[in-house]
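What follows is a single structure, written as structure tokens, with notes after it.
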Amino acid sequence: MSTDSLQNNVNSCTSLTDSHVHLDADAFDVDRNLVLDRARAAGVGHMIIPATTAAHWPRLATLCRARPHLHGAYGLHPMFLRQHEENHLDRLPEWLDEHHAVAVGECGLDFFIDAPQADRQRHYFRRQLEIARDMQLPVIIHARRAVEEVIHTLREVGHLQGVVHSFAGSREQARQLADIGFMVGIGGPVTHEQAKRLRRTVADIPLDTLLLETDAPDQPGASHKGERNEPAWLTEVLDVIASLRDEDAATIAEATSANASRLFGLRCD
């Protein structure tokens, strides 16, 4: 089955799953329903939508409540530290419990643009990991120039599972993550030919550790440089990964959707 065939088979068990897409972002306000229609036509079924700030939690909950194939995750992103308050961490467990969350996140560490506040990042990250552990929820992690420390922290906290999204680490780091129950999310960056290390990693890692994502509206693929990304373009990520692994696209689609269902507790309706 090719990606063309997937467009004609959008059953929630067999269609693609976008494991990381910010459909609540302002960038989709003008045409969100059309974006969702295009995603459905492209064979994208379930979508995981991680929050970035507490201010967006209610908006995200409303969006997911109206559409059963959209699933909310709630957390505090490291790139938005100035918008976070300690009481947001205190409120998070109750919010997760009351709003059918599939994960904690997006949380993590970003030492690319905000390293001077590294200790504050670490505080928010560890607290969210502890919440995820205590509530037995998976965690969606952002790790930019911080994969080694993320792995170390996950081992320290323990008893966690989840995904490092937009993974840009090494094959060895992917293996270490798999050893502690974590998958890696792969999106638009893998479609760029210059991403040689990432492509080698994707070609080699076990299929049961792989998730597909768009991170829309960010990180469009090579054929959409400068454009707003959207979940319908997940098929391009799929095609590139299938080519890199020399496997059928339908095999990748089925396996990665099963991985997402297993990790996030999604049901095949």
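The values are calculated or read from the model by the stated rules, or taken from the named source; none is laboratory data. Everything quoted here is computed from the prediction, not taken from an experiment. Note: ideal-geometry Cβ built from the backbone for every residue, glycine included; neighbour counts use all protein chains shown.
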### Task
Considering only residues that are assigned to a loop (DSSP other than H, G, I, E, B) and out of contact with any helix residue (DSSP H, G or I) (no Cβ under 7 Å at 6 or more places or on another chain), look in the range 137-151 and name the one that is surrounded by the fewest Cβ atoms within 10 Å (Cβ to Cβ).
R145
### Message
Need the failing condition index for A115 against (1) crowded, with 16+ Cβ neighbours inside 10 Å; (2) modelled with pLDDT under 95, just the number.
### Response
(1)
### Query
Among (1) hydroxyl-bearing (S, T, Y); (2) closer than 24 Å to S243 by Cα; (3) at pLDDT 95 or above, which single condition is T52 missing?
(2)
#### Entry: Residues within the range 206-231 that are of a type in the set (D, E, K, R) and surrounded by 21 or more Cβ atoms within 10 Å (Cβ to Cβ), tallied
3
### Task
With the checklist (1) under 20 Å from G169 (Cα atoms); (2) assigned to a helix (DSSP H, G or I) in hand, flag the one item R120 doesn't pass.
(1)
### Query
Residues E130, E172, E149: which one is in contact with a strand residue (DSSP E or B) (Cβ under 8 Å, 6 or more places away or on another chain) and among the acidic types (D, E)?
E149
### Query
Can you name the residue in the range 146-172 that is out of contact with any Phe, Trp or Tyr (no Cβ under 8 Å at 6 or more places or on another chain) and small (G, A, S) and is also farthest from R127 (Cα to Cα) among such residues?
S170
### Query
Can you tell which of R59, R133, R127, R91 is among the basic types (K, R) and either touching an Asp or Glu at 6+ places or on another chain (Cβ under 8 Å) or touching a residue at least 40 places away in the same chain (Cβ under 8 Å) (or both)?
R59
### Message
So for the range 79-88 (the condition being under 24 Å from A260 (Cα atoms), surrounded by fewer than 20 Cβ atoms within 10 Å (Cβ to Cβ) and at pLDDT 95 or above), does at least one residue qualify?
### Response
no
